[in-house]
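To start, the structure itself, in C-alpha cells.
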Amino acid sequence: MASSMAAAAAAASLSPPVLSAERPTARGGLFFPGSPASSRPLRLHSARRGGLSPATRNPRSLPRAAKAVVAVKAGPLKVMIAGAPASGKGTQCELIKTKYGLVHISAGDLLRAEIAAGTENGKRAKEFMEKGQLVPDEIVVTMVKERLLQPDAQEKGWLLDGYPRSYSQAMALETLGIRPDIFILLDVPDEILVERVVGRRLDPVTGKIYHLKYSPTENEEIASRLTQRFDDTEEKVKLRLQTHYQNVESLLSIYEDVIVKVKGDALVDDVFAEIDKQLTSSLDKKTEMVASA
C-alpha cells in the first residue's frame, strides 16, 4: 500500500502543471492548482532570462532609434499635366504649385528663358526658330532634363506642363529615366474649348486676357481697345485640337498606367478638388511602395 502511494506521488510530480481558470492576481502568473503556492502567481522570466522585455510589453518605451524604423518617407511628387488649348491647364498648374510646392516647368517658358540667357542650348534653339523651323526634340529634351535635375526640382518635386507632346519626346524622356508618378489629362468637350478660345480678347496696353462671356472688361474704355489673337479663330482652334488629340493618342501607350483623366469643364475649384484627390492618392501609393520595399 505504501509502495502504491509512493508511485502515485512520483507520477504526479512528473506530470505537467495545469493552468487554472482562476484570474491571476498579477500579470504573467501561472497557477498550480492544489499546491500551497496556488494563491501566488509564478512570475515569468525577465527579459535578461529570455522572457518579454518591458519595451515589448509597452511599445511606448521603445528607444527613439527603434521607432524611427517605422517612419516611411516617400520621395517628392513627379507630375505631368496636359490639356487642349483653353482647357484651364495654366490655372490648375498654379493651384497645384501653390498647394504642393512643386517646381512648375513649362517647356515653352524654359525654351524662351534659355534663349534669353544665351545658353548653348538656347543658341542652338534660336538658330532653328529664326529659320522658321521647329526646335529639334533632342534640344528641348536636353533642356527639360537639365531643369528636372536641378536641386530644387529634385527636393520639392516637379510639375511638367505641356510636355512631352509626342511619342518621340516621351520615349526620349523614358530613355533618360524621367517618368512621372501621375499624368493628369484635362478633358473638356470641343464645343466648350472652341467657345473659350474664340471669345478671348487681349488688352494690348496691359497684356491682360479677357473673355467676352466669362471675363468681361471693367469698363468701356478697355473694351474699345481689345484685340483678338490671329490664331483664336474657330477654324484654327479646331486644327489645334486635332493636333492635340493626335499627340495624346501617341502618349497613351507609354503612360497608360499613370494617366488620369479629369473633367475640366466644371468650376475651377471643382476641377482642382478632383486633381487634388488624384495627387493625394498618388502620394499614398508612393508611400506604400516605399514601405513594402
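The values are calculated or read from the model by the stated rules, or taken from the named source; none is laboratory data. Bear in mind the structure is a predicted one, so any value in this text is a computation, not a measurement. Please note: Cβ atoms are built from the backbone with ideal geometry, for glycine as well, and neighbour counts cover all protein chains shown.
Structure notes:
- The residue that is surrounded by the fewest Cβ atoms within 10 Å (Cβ to Cβ), among those in the stretch 254-270 that are out of contact with any Ser or Thr (no Cβ under 7 Å at 6 or more places or on another chain), touching a residue at least 40 places away in the same chain (Cβ under 8 Å) and part of a helix (DSSP H, G or I), is Ile254.
- Matching option when the condition is in a loop (DSSP other than H, G, I, E, B) and surrounded by 12 or more Cβ atoms within 10 Å (Cβ to Cβ), among Arg201, Arg229: Arg229
- Residue within the stretch 101-119 that is modelled with pLDDT of 95 or more and of a type in the set (S, T, N, Q) present: no
- Restricting Asp190, Asp181 to those that are closer than 23 Å to Ala266 by Cβ and modelled with pLDDT of 95 or more reduces the list to Asp190.
- Restricting the first member to the stretch 137-161 and to residues that are within 21 Å of Ala82 (Cβ to Cβ) and in contact (Cβ under 8 Å) with a residue 12 or more places away in the chain, and the second to residues that are part of a loop (DSSP other than H, G, I, E, B) and aromatic (Phe, Trp, Tyr), the beta-carbon pairs closer than 8 Å and six or more apart or on different chains are Val140/Tyr163; Val144/Tyr163.
- Answer from Asp232, Asp270, Asp284 - the residue that is at pLDDT 95 or above and not basic (Lys, Arg): Asp270
- Meets criteria (in a helix (DSSP H, G or I), within 21 Å of Ile209 (Cα to Cα) and out of contact with any helix residue (DSSP H, G or I) (no Cβ under 6 Å at 6 or more places or on another chain)) for Lys285: no
- Scan of the stretch 94-132 for residues that are buried (at least 21 other Cβ atoms within 10 Å of the Cβ), within 14 Å of the chain's Cα centre (by Cα) and outside any loop (DSSP other than H, G, I, E, B), ordered by number: Ile96
- Some residue of the stretch 70-79 being assigned to a helix (DSSP H, G or I), closer than 20 Å to Gly264 by Cβ and of a type in the set (Val, Ile, Thr): no
- Residue ID - surrounded by the most Cβ atoms within 10 Å (Cβ to Cβ), chosen from residues in the stretch 170-193 that are without any contact (Cβ under 8 Å) to a residue 40 or more places away in the chain and over 19 Å from the mean Cα position of the chain (by Cα): Ala172
- For the condition modelled with pLDDT under 90, farther than 28 Å from Gln242 by Cα and not hydrophobic (A, V, I, L, M, F, W, C), Lys73 qualifies.
- The stretch 271-287, residues that are out of contact with any strand residue (DSSP E or B) (no Cβ under 8 Å at 6 or more places or on another chain) and either surrounded by fewer than 12 Cβ atoms within 10 Å (Cβ to Cβ) or not acidic (Asp, Glu) (or both): Phe272, Ala273, Lys277, Thr280, Ser281, Leu283, Asp284, Lys285, Lys286, Thr287
- Taken over the stretch 151-163, the residue count meeting the criterion of being modelled with pLDDT of 95 or more and either among the basic types (Lys, Arg) or assigned to a loop (DSSP other than H, G, I, E, B) (or both) is 2.
- Residue pairs meeting the criteria (Cβ under 6 Å; at least 6 apart or on separate chains; first over 20 Å from Lys263 (Cα atoms), in the stretch 88-104; second modelled with pLDDT of 95 or more and outside any helix (DSSP H, G or I)): Leu102/Gly157; Leu102/Trp158; Leu102/Leu159; Val103/Trp158; His104/Leu159
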